[in-house]
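Enquirer: What follows is a single structure, and I will ask about it in a moment.
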Amino acid sequence: MRVGYVGLGELTLLILFLYGLNKGYINRITRDVVFSRFWVQFLIITFFGFAYNIVILNQSTGTVESTVFDFMAYIVILITCLIIENFYHKDRINIYEIIKRIFLISGVLFTALYLVSMFTDTIYGLPLKYYDYFAPFVTNLHQTAMFMAPMPFIGLLIFRNEKRPITRFISLVLILIFSYLVVQTGSFKALVGLTLGWAVYFVLEFVKLFKGRMKNAVIVSLISIIIILGVVNSPVLYEIFFAIFNAEDLASGRSSLYSNAIDVALTSPLVGLGPGAHIYQAGQFWDSHETFITVFLQGGAIGLVFFLILLYKIFKTFTKVTSLLAASIPILIYALGGDIMRRLPIWLLLMLLYYYIINYSKEAEV
């Protein structure tokens, strides 16, 4: 809930950021703060893109309002990255405890809200549903769905790490509840992410049952089977994907946005056009509604390279923990089929999971 650009979350982050500056906890943007480095790099590139758009192209695309909105959102995400990464490197926060509390508290809250939504569509005037789908306190169901979709896999991490039977039992129950609630959001992307996440998790856990040469043979066999099935059934798969895209692409709006976005992006292919909506369609400027296209539009090829490097580092790290690699699948699906650039909860989850694995790897080496 916000007044303009500022809400309780933004105010809390700003206070925490100022506290960190005052205490000397926030004083570094080095190679080991990978998220902060990316956002600094991306904001610098988008500034040049904005300048090119204004000076050279005479602001051929975008509006002041959308530019300010995106810029403010990116600044809030940068501040959050600086807080989490610097506090982590100064040993001021316990990453695992934060992850556990987010999972348990959000699980209890979403469960309670879903039970309430069975009897009423609003609570204190705030919506609990988007049409018939469960989407509490949002006007876009994906804001809820993209946060809940990774939660079952984060719950697996909690279930395996905890020793207390009651905590393990609650985690198991919430894993099932979150999986059910994702379906109840009605989000196709969240459902695909959840399904693929479980598939990845069970396949990797199956591979772990084997050791040495047998494990390598199983991996090669599985990859070969997937490739062969993909090649043999490629026409069918193409038809399925095309049908799914058409079903989700209401009135060809998304495909039109994508094609127009590429044309607009090519007017400034190196540094982009700066933050904001740049696709003029139906009498107004629109976002691309796709993460990689948004990055290319706003930061050009240079910004896209920075983003791909960040993603490589993230997913390379996530491969060390099966449950968290599975948790990253719904986020990746949303990045491919939607725009996560302004989604602070997603960036917060990515950071927490990333640094949990970094810390886990360090402890395993001791």
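The values are calculated or read from the model by the stated rules, or taken from the named source; none is laboratory data. Since this is a predicted model, take the numbers as computed values, not measurements. All Cβ positions, even for glycine, are placed from backbone atoms using ideal geometry, and neighbour counts span all protein chains on display. We work out accessible area using only protein heavy atoms, side chains counted, and drop any ligands, DNA or RNA first. Shrake-Rupley method; radii C 1.70, N 1.55, O 1.52, S 1.80 Å.
Enquirer: Go through LYS163/LYS215; LYS129/LYS189; LYS100/LYS163; LYS211/LYS362 and tell me which ones have a Cα-Cα distance over 22 Å in this structure. Before the final figure, lay out the partial values.
Expert: Working: LYS163/LYS215 29 Å; LYS129/LYS189 18 Å; LYS100/LYS163 13 Å; LYS211/LYS362 24 Å.
Result: LYS163/LYS215; LYS211/LYS362 exceed 22 Å.
Enquirer: Moving on to the next point. Say each of VAL232 and LEU104 gets a label point 7 Å from the Cα, pointing the same way as Cα to Cβ; how far apart are those two points in nm?
Expert: 4.9 nm
Enquirer: Also, I was wondering about something else. Just check the chain against the gyration tensor rule for me: Cα atoms, a ≥ b ≥ c as the square roots of the eigenvalues, rounded for a/c under 1.5, and otherwise prolate or oblate depending on whether a/b exceeds b/c. Let's see the in-between values first.
Expert: Numbers: a/c = 1.30, a/b = 1.18, b/c = 1.10.
In terms of gyration-tensor shape, rounded.
Enquirer: What lysines does LYS23 reach when the alpha-carbon gap must be under 20 Å and sequence neighbours fewer than 8 apart in one chain are set aside?
Expert: Leaving aside lysines fewer than 8 places away in the same chain, those within reach of LYS23 are LYS90.
Enquirer: Another question, if that's okay. Could you give the dipole magnitude of the chain about its Cα centre, charging the beta-carbon of Lys and Arg +1 and that of Asp and Glu -1, in debye to the nearest 20?
Expert: On the way: 26 positive and 20 negative charges, 309 e Å.
Here the size comes out at about 1480 debye.
Enquirer: While we're here: Give the ranking of PHE315, PHE103 by solvent-accessible surface, highest area first, calculated with a 1.4 Å probe.
Expert: PHE315, PHE103
Enquirer: For segment 60-177, what Kirkwood radius comes out of the mean inverse Cα-Cα distance, in Å?
Expert: Details: mean 1/r = 0.0589 Å⁻¹.
Evaluated over segment 60-177, this radius sits at 17.0 Å.
Enquirer: If you plug each phi of segment 302-307 into the Karplus form 6.51 cos²θ - 1.76 cosθ + 1.60 with θ = phi - 60°, what whole-Hz ³J(HN,Hα) values come out, in order, with x for Gly and Pro?
Expert: Once θ is set to phi - 60°, the couplings for segment 302-307 become 5, x, 5, 4, 4, 5 Hz.
Enquirer: Mind putting a number on the dipole of segment 123-238 about its Cα centre? Charges go on the C-beta only, +1 for Lys and Arg and -1 for Asp and Glu, and I need it in Debye to the nearest 20. It would help to have the intermediate numbers written out before the result.
Expert: Numbers: 10 positive and 3 negative charges, 113 e Å.
Roughly 540 debye, rounded to the nearest 20.
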